[in-house]
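Engineer: Here's a structure for you.
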Amino acid sequence: MLVFLGDRVIDVGSEWRTFSNDKATKDPSRVGDSQNPLLSDGDLSTMIGKGTGAASFDEFGNSKYQNRRTMSSSDRAMMNAFKEITTMADRINLPRNIVDRTNNLFKQVYEQKSLKGRANDAIASACLYIACRQEGVPRTFKEICAVSRISKKEIGRCFKLILKALETSVDLITTGDFMSRFCSNLGLPKQVQMAATHIARKAVELDLVPGRSPISVAAAAIYMASQASAEKRTQKEIGDIAGVADVTIRQSYRLIYPRAPDLFPADFKFDTPVDKLPQL
C-alpha cells in the first residue's frame, strides 16, 4: 500500500489580498475572517463588496448584489459575545489563553440554555471572571465590572448560576492572589509589598479575620504596612485600587491591629513604630 504525504498545509487564517475594482484605494480588505472552531459553520461566509461600475446597479440605481451573510442567529449571538469578551480582556491586558477559555465557557452556557433570560453580556462578564480564576490570574468583580456594562451584582448572580449549570468550580482566592498587583498599582516598594503579604498571611494563620474576604484582608494589610513605612497610603487610595469601601478596610484593620507586633516580618524597617500606627 502506498501512502502519499503532502508538503502543503492549508492556512485557515485571514487572507489580506484585495480584488477591489477601485484601484485608488489602498485598503487591504480581508477576503474573509479567520476560521472560528467554536461556531457551527466556522464563520465561513462571503461578503460582497460595493459595486462601482454601471453593471452593478439596476435601472433604478439599486445595487444588484445584496450583501447577506449566511449565519445562524445562535452563531451571530456567540460572535457578538466573543467580540465583547475580547474587548473586555484587552482593556485589562489579559492574555489570549484567558480569552479562549472564556469563549469556551460562554459557548457551553449558551448551548445548554441554562441561563435563559440573562443578558449575554452579563454571562460573558461572569465567564471572564471564572476564566481568570481558573487560569490562576484572578480579578475582582469590580475590575470585571469596570470593563463591562453590567453591574457587579448581576455578574455575581451569573457567576453562581454558571458554576451550578456547568457543575464546575474555581479555586478559593487568597490574599496573595491580589497583593502584587494592588501594591504595584499603588506604587509601593518591594519591602512594603513583602510586609503586607506577611501581615495578611499571619492574620489568616492566627485566625484573626474569620469570615472576611481575602480582598478586604489584603487591603487592610497593605494599609498597615504602608502606614508603618515611609510610603504611606490612605484607606481611600487603597480602596480605589482594591475595589472595596473604606469602611470594609477599617473593619478588617481593627481585627488585626491588636496583634500588629506579631504580624510584621522580623527584618522590616519601621518608619513609624507599631505603637504609633493608626488605631481607627
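Engineer: Take the conditions among the polar types (S, T, N, Q) and crowded, with 20+ Cβ neighbours inside 10 Å and apply them to T197. Does it pass? Step through it out loud before you land on a result.
Structural biologist: Details: among the polar types (S, T, N, Q): yes; crowded, with 20+ Cβ neighbours inside 10 Å: yes.
Yes.
Engineer: In this structure, does I249 turn out to be open to solvent by less than 20 Å² (accessible area, probe 1.4 Å), within 17 Å of S184 (Cβ to Cβ) and in a helix (DSSP H, G or I)? Don't jump to the end; show me each part of the working.
Structural biologist: Numbers: open to solvent by less than 20 Å² (accessible area, probe 1.4 Å): yes; within 17 Å of S184 (Cβ to Cβ): no; in a helix (DSSP H, G or I): yes.
Against the criterion (open to solvent by less than 20 Å² (accessible area, probe 1.4 Å), within 17 Å of S184 (Cβ to Cβ) and in a helix (DSSP H, G or I)), I249 does not qualify.
Engineer: Separate question: What is the one condition in (1) exposed (fewer than 13 other Cβ atoms within 10 Å of the Cβ); (2) modelled with pLDDT under 85 that M71 does not satisfy?
Structural biologist: (1)
Engineer: Applying the selection to the range 204-230, what residues are surrounded by fewer than 16 Cβ atoms within 10 Å (Cβ to Cβ) and under 17 Å from P278 (Cα atoms)?
Structural biologist: Across the range 204-230, the qualifying residue is only A230.
Engineer: Every residue in the range 95-124 that is touching a helix residue (DSSP H, G or I) at 6+ places or on another chain (Cβ under 7 Å) and among the aliphatic types (A, V, I, L, M), please.
Structural biologist: I98, V99, L105, V109, L115, A122, I123, A124
Engineer: Same structure again: Can you list the helices (runs of 4 or more DSSP H) lying wholly within the range 78-159 that have 1 or more residues being open to solvent by 60 Å² or more (accessible area, probe 1.4 Å) and under 16 Å from D171 (Cα atoms)?
Structural biologist: 96-112
Engineer: In the range 167-192, which residues are part of a helix (DSSP H, G or I), in contact (Cβ under 8 Å) with a residue 24 or more places away in the chain and not hydrophobic (A, V, I, L, M, F, W, C)?
Structural biologist: G176, D177, N185, Q191
The values are calculated or read from the model by the stated rules, or taken from the named source; none is laboratory data. Just so we're clear, the structure is a prediction, and the values are computed from it rather than from any experiment. Cβ: placed from backbone, ideal geometry, glycine included. Neighbour counts: every protein chain shown. All accessible areas refer to the heavy atoms of the entire protein, side chains included, with ligands and DNA or RNA removed. Shrake-Rupley method; radii C 1.70, N 1.55, O 1.52, S 1.80 Å.
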